[in-house]
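This report concerns only the one structure given below.
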Amino acid sequence: MRIQIIGGGVFGLSVALELRQRGHAVRVFDAGPIPHPDASSTDISKLVRADYGADVFYTGLMEQAFPLWQAWNERAGEELYRQVGFLLLSEKAFSEGGFEHESYRLLSERGYTLERLDAAGIAQRFPVFAEGKYEAAYFNPKAGWAASGRVVELLARWCQQAGVHV
């Protein structure tokens with residue numbers, strides 16, 4: 001099967017690479033150079049996290065993605081994804097149905113080790129936020145950021161090496 005993909009960002013290139021590895025002939029078209037300087041995929045960094053409120057689907061997708069990020073790190077020989085954690089701050093106490101509460105609840109139910117913090121804990125653990133603006137928070141160590149522009153650059157190279165016409 002011949003497949004044409006419009007857009008050489010992270011989604012287009014990762015799909016192209018996967019389809020090529022499955023034996024398909026793939027072409028990727030983009031309006032400019034890849035990585036394109038104006039593309040949303042081409043940035044300094046993107047947040048990588050499983051904190052999505054009560055959204056079980058997106059949380060599950062990220063749980064599948066974390067080991068794939070580690071595999072990309074190994075393939076690249078560099079840290080494309082850096083697991084440095086994610087601090088979710090709230091100006092008010094967490095409330096049932098709110099994004100913060102539901103993220104904390106769902107991740108805790110799924111076995112994540114989260115550090116819950118009140119205003120004093122926030123000021124002590126993260127002194128940059130010591131002025132008391134935030135009443136509640138949690139820190140999730142299983143999260144981080146990806147060097148998204150570099151990811152797109154390497155994906156384009158891996159696609160070409162695999163035989164994708166870019």
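The values are calculated or read from the model by the stated rules, or taken from the named source; none is laboratory data. If you're wondering where the values come from, they're calculated on a predicted model, not measured in any experiment. Positions of Cβ are generated from backbone atoms using ideal geometry, with glycine treated the same way; all protein chains shown enter the neighbour counts. Surface accessibility is based on the protein's heavy atoms, side chains included, excluding ligands, DNA and RNA. Shrake-Rupley method; radii C 1.70, N 1.55, O 1.52, S 1.80 Å.
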Fill in the blank from the handout: Within the under-12-Å Cβ sphere about Glu115, not counting Glu115, Lys/Arg +1 and Asp/Glu -1 give a net charge of +2
Completion exercise
Length gained, Leu89-Phe57, 0.36 nm per residue minus C-alpha separation, equals 9.2 nm
Practice task
Convert each backbone phi in the stretch 50-59 into a coupling constant with the Karplus relation 6.51 cos²θ - 1.76 cosθ + 1.60 (shift: θ = phi - 60°), then list the ³J(HN,Hα) values in order as whole Hz, x for Gly and Pro.
Solution key: 10, 7, 10, x, 8, 6, 5, 4, 5, 4
Completion exercise
Rounded to the nearest 10 degrees, the helix 10-21 long axis (Cα) sits at an angle to the longest Cα principal axis of the chain of 50
Fill in the blank from the handout: Tilt, helix 99-109 to longest principal axis of the chain (alpha-carbon atoms), in degrees rounded to tens, equals 80
Practice task
Can you tell me the FRET efficiency between Gln160 and Glu109 if r is taken as the Cβ-Cβ distance and R0 is 45 Å, rounded to the nearest 0.05?
Solution key: 0.60
Practice task
Would you mind pulling out the separation of the Cα centroids of the stretch 11-60 and the stretch 81-106, in Å?
Solution key: 25
Fill in the blank from the handout: Ordered by number, the trypsin sites (Lys or Arg not before Pro) in the stretch 56-109 that occupy a DSSP loop and have at most 10 other Cβ atoms within 10 Å are Lys92
Practice task
Take each of the peptides 36-42, 14-20, average the number of other beta-carbon atoms within 10 Å over its residues, and list them starting from the highest.
Solution key: 14-20, 36-42
Exercise for the section: Specify the residue with the greatest mean-square fluctuation among Ala76, Ala31, Ala136, computed from a Gaussian network of the chain linking alpha-carbon atoms under 10 Å apart. Expected result: Ala31
Handout entry: For the chain: accessible area per residue (Å², 1.4 Å)
Key = 58
Fill in the blank from the handout: A 1.4 Å probe over the protein heavy atoms gives the chain a carbon and sulfur accessible-area percentage of 52
Problem - Inter-site label distance for Ser45 and Leu68 at 7 Å from Cα along Cβ, in nm - result: 2.2
Practice task
Can you pull the one-decimal nm distance between simple spin-label points at Phe129 and Phe99, each 7 Å off the Cα toward Cβ?
Solution key: 1.3
Exercise for the section: Working from Cα positions, state the angle (0 to 90°, nearest 10) between the long axis of helix 148-162 and the longest principal axis of the chain. Expected result: 30
Handout entry: Theoretical ellipticity at 222 nm over the chain - DSSP helices of four or more residues, -39500 (n - 2.57) apiece, nearest 500
Key = -12500 deg cm²/dmol
Handout entry: Gyration tensor over alpha-carbon atoms, the chain, equivalent ellipsoid semi-axes in Å
Key = 37, 17, 14
